[in-house]
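Undergrad: Okay, handing you the structure first.
The values are calculated or read from the model by the stated rules, or taken from the named source; none is laboratory data. The model shown is predicted, which means the values in this text are computed figures rather than measured ones. Cβ: placed from backbone, ideal geometry, glycine included. Neighbour counts: every protein chain shown. Heavy atoms of the whole protein, side chains included, go into the accessibility calculation; ligands, DNA and RNA do not. Shrake-Rupley method; radii C 1.70, N 1.55, O 1.52, S 1.80 Å.
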Amino acid sequence: MTTSVTAANPIKRAPATDGVLDIFLDRWSPRSFTDRSVSAEDLKRIFEAARWSPSSSNEQPWRFIVGIKGTDTFDKIVSTLGGFNQAWAHKAPVLLLGVARKHFVKNDAPNHYALFDLGQATAAITLEAAALGIATHQMGGFDHDIARKALGIPEEFAIGSVMAIGYVGDPSALPESYAKSETSPRSRKPLDEVALSAWDEPLKLD
Ligand SMILES: Cc1cc2nc3c(=O)[nH]c(=O)nc-3n(C[C@H](O)[C@H](O)[C@H](O)COP(=O)(O)O)c2cc1C
């Protein structure tokens, strides 16, 4: 098993919380990517991790449309991005769009967990990639209609997020307005705001 997190960055590492796996603390979402491509072997491993995610009724509603730089699919995904994202994401070697089937195959009933399950599989991608020293950055800033049309996504599939995958680049390669966030610490809500023993009552853990 690979345990090294080569994307680790001391500024981006979450403050130590006893026992939390390094992979959660070190994963972060950069905007500066190098030219280095991601090997087919690593991509296979990343998507295998997604494939083994849990899902409601084991429906596995997710599909990932993967664009490798230089392909039509890559260019089409870039064309869907809002200007803010397009400015940096076009440099990543891989861009993908995650989508999820809205109805169960077995009975055509609505799958209210389709996007939830896609989110879990997407999280698996981010963590498996991090274990390989590969960075990911998800994006909601893209045009769903353009994406559906350009990539031929059937109406039956709900649109999830776009993700850039690659190797962390130097912040100085980005315009100044983007570079700052590359070197700022990550922030999160306090634990007692999100883990509750009753509504509005923090779960007491100390
Ligand atoms: C569904 C989703 C949509 C996001 N959309 C964007 C986006 O459009 N552009 C962007 O630069 N970052 C986007 N992000 C990245 C978040 O801003 C980032 O994950 C968050 O600030 C936490 O930072 P970290 O991942 O480095 O811990 C998105 C993340 C998620 C999960």
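Undergrad: Starting from the range 103-123, take each residue that is under 12 Å from Ser57 (Cα atoms) and in a helix (DSSP H, G or I) and list its partners that are acidic (Asp, Glu) and open to solvent by less than 40 Å² (accessible area, probe 1.4 Å), counting only C-beta distances under 8 angstrom and pairs at least six apart or across chains.
TA: So the pair list comes out as Ala114/Glu59; Asp117/Glu59.
Undergrad: Got a sec? Which of Ala100, Ala131 is within 14 Å of the ligand (Cβ to nearest atom) and either open to solvent by 20 Å² or more (accessible area, probe 1.4 Å) or modelled with pLDDT of 95 or more (or both)?
TA: None of the other options fit; the residue is Ala100.
Undergrad: Is there any pair with a first residue in the range 148-161 that is under 16 Å from Glu59 (Cα atoms) and a second that is within 16 Å of the ligand (Cβ to nearest atom) whose Cβ atoms are under 7 Å apart and which are 6 or more apart or on different chains, and what are they?
TA: Phe157/Val99; Phe157/Ala100; Ala158/Val99; Ala158/Ala100; Ala158/Ala114; Ala158/Leu115
Undergrad: Given the options Gly160, Gly152, Gly169, Gly141, name the one that is of a type in the set (Gly, Ala, Ser), under 22 Å from Asp75 (Cβ atoms), touching an Asp or Glu at 6+ places or on another chain (Cβ under 9 Å) and modelled with pLDDT of 95 or more.
TA: Going through Gly160, Gly152, Gly169, Gly141 in turn, the sole match is Gly169.
Undergrad: Search the range 134-145 for residues being part of a strand (DSSP E or B), closer than 22 Å to Arg36 by Cβ and not hydroxyl-bearing (Ser, Thr, Tyr), and hand back the single one that is farthest from the ligand (Cβ to nearest atom).
TA: Filtering first and then ranking leaves Ala135.
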